[in-house]
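As structure tokens, the structure follows; a few thoughts come after it.
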Amino acid sequence: MTVPYAEVIGDPVAHSKSPLIHNFWLKKLGLEGDYRRTRVTSEELASFLAQRLTDRDWLGCNVTIPHKSAAAGLALEMSPPADKLAAANCLVRHGRFEPFLVAHNSDVAGFLEPLSDLDFSGTDWLFAHVVGTGGAAAAATYALHQQEVTVFNYGRTYEQAEALRRRLGEKDMDFALDWASFAARGSSSVETGESVIELIVNATPMGMSGFPPLDLTLSNWSSHTIVYDLVYEPLETDLLRAARQRGLRTINGLGMLIGQAAAAFELFFETPAPRGHDAELRELLTR
Ligand code: NAP
């Protein structure tokens, strides 16, 4: 007997926590289904997806590095915001007789989830500083634009940051900068109380296991700065540790990881993820 299934594809993919999260929710709901992990190289991607489309049990897949842009290009339809970002982290199979792929991007919803827990009453200005110009940086910037936040994009070079800013639609108040400008911006972040909050987002792999830490100086940033590191392996990055030592509020990558998975789960299994068990899930993910 076969069961409906979804999976995560990428190269590498062994590190992915998606199977743990989705199978946890399937079990909690008592739903028949499975969620797997499959290594797929860039050369294999198109033929792999074409083959999977012929499998009636296959509901779709999450897409991780390095396939997010290529996956968007292979879908017949793109739902917002995947179309705007030209990147998909989720492909869903549609069409009973002539199956096709619809691309989604649940990183945007996932990124916003931990921020929605914060109290911004009394805040007149929220400035966001997004470091990195890849897929996660694009999703974070797009999400912040939706919240009408002014975004400073920092690239390894100014040109990379400017290219991201243009791709997402230039906004008068937004800025593209290179990494070297980060320290200078910190010096101008003055103590104004809760009325001005600066949000620093690490959207690079720096600080992830196997990568050196993100080398940012936090000492000259206002005490009302929040540091949000999208890295989730490890959860306590050197950047977050430094921020905490400086007395700043911090957000790790776990909330985004669970949030983006919840949006994908509903697309695959057509039922909301059982979020009443988040504490148990967080405990499992951090064991
Ligand atoms: P990506 O598309 O490959 O982009 C990575 C970005 O980081 C690029 O701007 C890249 O610059 C920069 N970068 C890479 N290595 C660097 C280095 N050694 N020094 C300086 N900059 C470097 O990756 P992504 O998908 O955006 O993912 C970025 C991070 O976000 C990863 O750690 C990922 O795990 C995390 N993430 C977390 C979640 C979550 O749910 N918590 C979701 C998505 C992503 P160049 O282009 O110049 O190389």
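The values are calculated or read from the model by the stated rules, or taken from the named source; none is laboratory data. Small disclaimer: the values here were computed from a predicted structure and weren't measured. Positions of Cβ are backbone-derived with ideal geometry, glycine not excepted, and every protein chain shown enters the neighbour counts. Note: areas computed on protein heavy atoms with side chains; ligands, DNA, RNA excluded. Shrake-Rupley method; radii C 1.70, N 1.55, O 1.52, S 1.80 Å.
Look at the range 52-75: where a residue is farther than 9 Å from residue 91 by Cα and a partner is modelled with pLDDT under 95 and part of a helix (DSSP H, G or I), sitting 6+ places away or on another chain with Cβ atoms under 7 Å, you get 68/135.
In the range 105-127, what residues are among the hydrophobic types (A, V, I, L, M, F, W, C) and either within 11 Å of the ligand (Cβ to nearest atom) or under 15 Å from the mean Cα position of the chain (by Cα) (or both)?
As a first pass, look at the range 105-127 and keep what is among the hydrophobic types (A, V, I, L, M, F, W, C): 108-109, 111-112, 115, 118, 120, 125-127.
Scanning the range 105-127 gives 108, 109, 111, 112, 115.
Sub-7 Å Cβ pairs linking a first residue in the range 255-266 that is within 14 Å of residue 6 (Cα to Cα) to a second residue that is within 8 Å of the ligand (Cβ to nearest atom), at least 6 apart or interchain, are 263/110, ordered by first then second residue.
Every condition in (1) within 16 Å of the ligand (Cβ to nearest atom); (2) over 24 Å from residue 287 (Cα atoms); (3) open to solvent by less than 70 Å² (accessible area, probe 1.4 Å); (4) in a helix (DSSP H, G or I) is met by residue 61 except one, and the failing one is (4). Within the range 264-277, the set of residues being under 13 Å from residue 113 (Cβ atoms) and either in contact with a Pro (Cβ under 7 Å, 6 or more places away or on another chain) or surrounded by fewer than 21 Cβ atoms within 10 Å (Cβ to Cβ) (or both) comprises just one member, 275.
Quick one: which of 228, 232 is open to solvent by less than 10 Å² (accessible area, probe 1.4 Å), assigned by TED's automatic domain parsing to the domain that holds residue 208 and closer than 28 Å to residue 23 by Cβ? Checking each option against the conditions leaves just 228. Under the condition of being hydrophobic (A, V, I, L, M, F, W, C), out of contact with any helix residue (DSSP H, G or I) (no Cβ under 8 Å at 6 or more places or on another chain) and closer than 18 Å to residue 269 by Cβ, the residues counted in the range 50-109 number 1. Restricting attention to the range 204-252, the residues that are within 9 Å of the ligand (Cβ to nearest atom) and touching a residue at least 60 places away in the same chain (Cβ under 8 Å) total 5.
Which of the following residues is part of a strand (DSSP E or B), within 13 Å of the ligand (Cβ to nearest atom) and hydrophobic (A, V, I, L, M, F, W, C): 102, 130, 92, 151?
On the way: 102 fails: within 13 Å of the ligand (Cβ to nearest atom); 92 fails: within 13 Å of the ligand (Cβ to nearest atom); 151 fails: within 13 Å of the ligand (Cβ to nearest atom).
Of 102, 130, 92, 151, the one residue that is part of a strand (DSSP E or B), within 13 Å of the ligand (Cβ to nearest atom) and hydrophobic (A, V, I, L, M, F, W, C) is 130.
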